[in-house]
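Asks: Can you read through this structure? Questions will come right after.
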Amino acid sequence: MSDAPASRRAIAAWCLYDWANSAFPTVIGTILFSAYFTTGVAPTDEIGTALWGQATAIAGLVVAVVSPVLGAIADQGGRRKPWIAVLSSISVVATALLWFVTPEPSAILLALVLYGTATFGFELALVFYNAMLPDLASDERLGRVSGWGWGLGYFGGLACLALGLALVQPDPAPFGLDKTTAEHVRAVAFVVAGWFALFAWPLFVFTPDRPRSGLPVGVAVRSGLAALKATLKRLPGYRNVLRFLIAKMIYIDGLNTLFTFGGIYAAGTIGMDLEEVLLFGVIINVSSGIGAFAFAWVDDWIGAKPTIVIALSALILFGTGVLFVDEKMWFYIFALGIGAFLGPAQAASRSMMARLAPRELMTEFFGLYALAGKATAFVGPAVLGWVTVLADSQRIGMATILPFFIVGLWLILGVREDVRAAPTPVPAQGG
């Protein structure tokens, strides 16, 4: 399938969705709009940071609960693109409405509701998007396709960020935007929403979907819920997949914490100013994108599991190095190494799930995959925050990320990649 020209176009359109949706977490969630909220909308930076973090955590918790349910229903209904379309539209519309978040505390609730809603749509759409991967590529090409998409995502986020900065940085602001009411920053919401919608549409036009099952909606919902209940009951029997999901839950928590606090550490401990922190963010994203592209072939060559093992080992090595440097040049060098293996760890995790999950339950298992990425997302930041306060040291606080990589690495070593999931028989209970 993947060797036909039409399929190459379908794969390109699928990968382009990563380029499209990555604008939201990069520009809205991490860099520009989040900074505007904390410094321009909330009464203090500390309150703004806390509220933004709480909104992210609540949205993640809702996604963790809902994603396996919707995935199970979608597996019964057949098609995935309608789910992606609806959920992406929710994210796009909520993002565009962030324009109405004016620089005053009275807009706090509106900002948090819209951001939480946009995050909800963004994250849930990924469940169905990721589940399309095994239908587009053979097992021998899963790593390449996943890596191409992930790499495009990093570069797409950066490209949209560049457009956003073109609105924010000039003085006077372009297009007659009023800086006194932060219109130049609020307009970034339209840029991200338009970017997401524009580059997502090829997925719906060129990428094939599974046929509709023919089941009525009510029957599909009941069947999906019943299937999810049965899967959860048998989940201990899927020991190989369960070990992978637990490993992924732990090391992804470390990765997300690193993304969240990397810039804060660069500013506080290394002493970087805003421009240098922005350069640090660019280095991380560019090197992650290049790493995802480069290791896409490695994934197919040696397998997703060895790729994850290499990536986690390198993250432990470079992460340790970051903790012992004070000079900015060495920090940039180690950051480059960290970035080079962040992308491969994430892309190979997606292809690993595609290789392990039962084909007939692919969306449901990617729902569980999303659950594994969100259920404990608060642990890493909480541990880092507590240790930083108790030790009165950002450096010691950042060191708490390393155990997440070490434990995740130890668990992933026991996962068998060569066996697609089938429940291990569980002895029948007497009586």
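Results for (1) more than 24 Å from T49 (Cα to Cα); (2) modelled with pLDDT of 90 or more; (3) assigned to a helix (DSSP H, G or I); (4) in contact with a Leu (Cβ under 6 Å, 6 or more places away or on another chain), shown as yes or no for each residue.
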site: Y115; (1), (2), (3), (4): no, yes, yes, no
site: E140; (1), (2), (3), (4): yes, no, yes, no
site: V145; (1), (2), (3), (4): yes, no, yes, no
site: G156; (1), (2), (3), (4): yes, yes, yes, no
site: C160; (1), (2), (3), (4): no, yes, yes, no
site: A166; (1), (2), (3), (4): yes, no, yes, no
site: P170; (1), (2), (3), (4): yes, no, no, no
site: L225; (1), (2), (3), (4): yes, no, yes, no
site: L228; (1), (2), (3), (4): yes, no, yes, no
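Asks: A further question on this structure: State the number of residues belonging to the stretch 276-335 that are hydroxyl-bearing (S, T, Y) and buried (at least 22 other Cβ atoms within 10 Å of the Cβ).
Replies: At the first step, the residues of the stretch 276-335 found to be hydroxyl-bearing (S, T, Y) are 287-288, 307, 313, 320, 332.
Then keep just the ones that are buried (at least 22 other Cβ atoms within 10 Å of the Cβ); that gives 288, 307.
Residues meeting the conditions: 2.
Asks: Checking D326 against (1) in contact (Cβ under 8 Å) with a residue 12 or more places away in the chain; (2) closer than 21 Å to I401 by Cβ; (3) assigned to a helix (DSSP H, G or I), which test does it fail?
Replies: (3)
Asks: Taking A230 as meeting all but one of (1) under 14 Å from the mean Cα position of the chain (by Cα); (2) surrounded by fewer than 23 Cβ atoms within 10 Å (Cβ to Cβ), write down the number of the exception.
Replies: Going through (1) under 14 Å from the mean Cα position of the chain (by Cα); (2) surrounded by fewer than 23 Cβ atoms within 10 Å (Cβ to Cβ) one by one, A230 breaks only (1).
Yes/no per residue for (1) within 21 Å of the chain's Cα centre (by Cα); (2) within 30 Å of D139 (Cβ to Cβ):
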| residue | (1), (2) |
| --- | --- |
| L315 | yes, yes |
| V322 | no, no |
| A335 | yes, no |
| A340 | yes, yes |
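Asks: Considering (1) acidic (D, E); (2) without any contact (Cβ under 8 Å) to a residue 24 or more places away in the chain; (3) surrounded by 20 or more Cβ atoms within 10 Å (Cβ to Cβ), say which one D75 fails and leave the rest.
Replies: All conditions pass for D75, except number (2).
Asks: Still on this structure, please answer the following. Condition first: on the phi > 0 side of the Ramachandran plot and part of a helix (DSSP H, G or I). Now tell me which residues in the stretch 172-186 satisfy that. Quick ask: steps written out before the conclusion?
Replies: Step one: of the stretch 172-186, the residues on the phi > 0 side of the Ramachandran plot are 175-176, 182.
Those that are on the phi > 0 side of the Ramachandran plot and part of a helix (DSSP H, G or I): F175, G176.
Asks: Same structure, new question: Go through (1) buried (at least 21 other Cβ atoms within 10 Å of the Cβ); (2) under 21 Å from the mean Cα position of the chain (by Cα); (3) within 18 Å of F366 (Cα to Cα) one by one and return the number of the condition T95 breaks.
Replies: (3)
Asks: Hey, any hits in the stretch 53-73 for a residue that's assigned to a helix (DSSP H, G or I), among the hydroxyl-bearing types (S, T, Y) and more than 20 Å from the chain's Cα centre (by Cα)?
Replies: Looking through the stretch 53-73, none of the residues is assigned to a helix (DSSP H, G or I), among the hydroxyl-bearing types (S, T, Y) and more than 20 Å from the chain's Cα centre (by Cα).
Asks: While we're looking at this one, here's another question. From the list A382, A391, exactly one residue is more than 22 Å from L124 (Cα to Cα) and either at pLDDT below 80 or aromatic (F, W, Y) (or both). Which is it? Step through it out loud before you land on a result.
Replies: Details: A391 fails: either at pLDDT below 80 or aromatic (F, W, Y) (or both).
Answer to the check: A382.
Asks: Listed residues T376, T307; which is assigned to a helix (DSSP H, G or I) and β-branched (V, I, T)?
Replies: T307
The values are calculated or read from the model by the stated rules, or taken from the named source; none is laboratory data. Because the structure is a prediction, the values reported are computed rather than measured. Positions of Cβ are backbone-derived with ideal geometry, glycine not excepted, and every protein chain shown enters the neighbour counts.
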